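No value in this document is a laboratory result; all are computed from the given coordinates. None of these values were measured; they are calculated from a predicted model. Note: ideal-geometry Cβ built from the backbone for every residue, glycine included; neighbour counts use all protein chains shown.
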Amino acid sequence: MSATTQRTSGHPIDKIFLDRWSSRAFTDEPISVEQLHTLLEAAHWAPSSSNSQPWRFVYSLRGSNSWQRFVSILAPANQVWAQHAAALVFLLTKLESRSPNSGQLHPLPMHVFDAGTASGFFALQATLKGFNTHVMAGIDRELAKLELNIPDGYEVHVAIAVGKRADSATLPDPYRERDVPSSRMPLSELVFEGVFSAQADLT
Ligand SMILES: Cc1cc2nc3c(=O)[nH]c(=O)nc-3n(C[C@H](O)[C@H](O)[C@H](O)COP(=O)(O)O)c2cc1C
């Protein structure tokens with residue numbers, strides 16, 4: 001068993017997995033380009049299908065010229081709190097790759113899986129460095145392509161808010177009461193030996 005203040009795991013795991021949670025409260029503290037690159041560096045060491053590394057990252061730091069443009073791409077409910085983050089990072093992937101041998105373009109069918117892995121690495125490195133991250137699928141993807149100058153052949157997945165975690169009391173309603181570490185389903189409902197059973201999902 002491992003535990004942090006409010007989360008307990010059923011089996012022993014490193015505390016980083018419990019310490020990472022997606023708060024919506026951020027302090028005013030900025031993140032430096034160097035610090036952000038440490039998180040991006042970790043993200044790009046994620047495994048990917050055939051080492052295709054389809055992930056691309058487009059970021060803005062709060063207070064920079066591009067900040068309002070980045071915030072405007074977020075769904076209104078995410079703008080409320082994510083505008084106070086120290087950085088916003090859009091995560092996109094390339095949909096096709098060119099074979100070095102034949103020069104032919106071929107699809108990258110695992111690009112979404114690869115993006116998720118990179119996002120996880122990013123979040124864990126951020127946690128190790130004392131930063132909070134919050135992934136948002138609530139974004140306007142068409143606007144993202146326009147505002148970030150993303151051509152066809154790429155898919156925009158999420159924006160990630162990054163910064164130092166503030167006290168949840170700093171959030172407006174109704175975000176304040178929701179700003180607590182969530183729990184997880186018991187592993188026994190998710191793990192099967194030998195054969196899968198959908199029984200738990202039907203109830
Ligand atoms: C792909 C993805 C999309 C998400 N989109 C949003 C979002 O648009 N807005 C939001 O407030 N949280 C969003 N979240 C955060 C999840 O709600 C959160 O990760 C989940 O409830 C588990 O909580 P935890 O990250 O604190 O452990 C998203 C998370 C993921 C992984």
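Each peptide in 68-76, 127-135 gets a packing score, the mean of other Cβ atoms within 10 Å over its residues, and the list from highest to lowest is 127-135, 68-76.
Each of Asp28 and Ser183 was given a label point 7 Å from its Cα along the Cα-to-Cβ line. The distance between the two points is 3.8 nm. Evaluate the distance, in nm, between pseudo-label points positioned 7 Å from the Cα of Ala198 and of Asp14 along their respective Cα→Cβ axes. That separation, rounded to one decimal, is 3.6 nm. Relative intensity of the stretch 22-168 on a log10 scale, I(q)/I(0) at q = 0.11, 0.22 Å⁻¹, equals -0.41, -1.41, per a Debye sum over C-alpha point scatterers of equal strength in the absence of solvent. Within the stretch 109-189, the proportion of C-alpha pairs whose separation exceeds 20 Å stands at 53%. With q set to 0.29 Å⁻¹, the log10 of I(q)/I(0) for the stretch 2-53, from the Debye formula over equal scatterers at the Cα positions, is -1.02.
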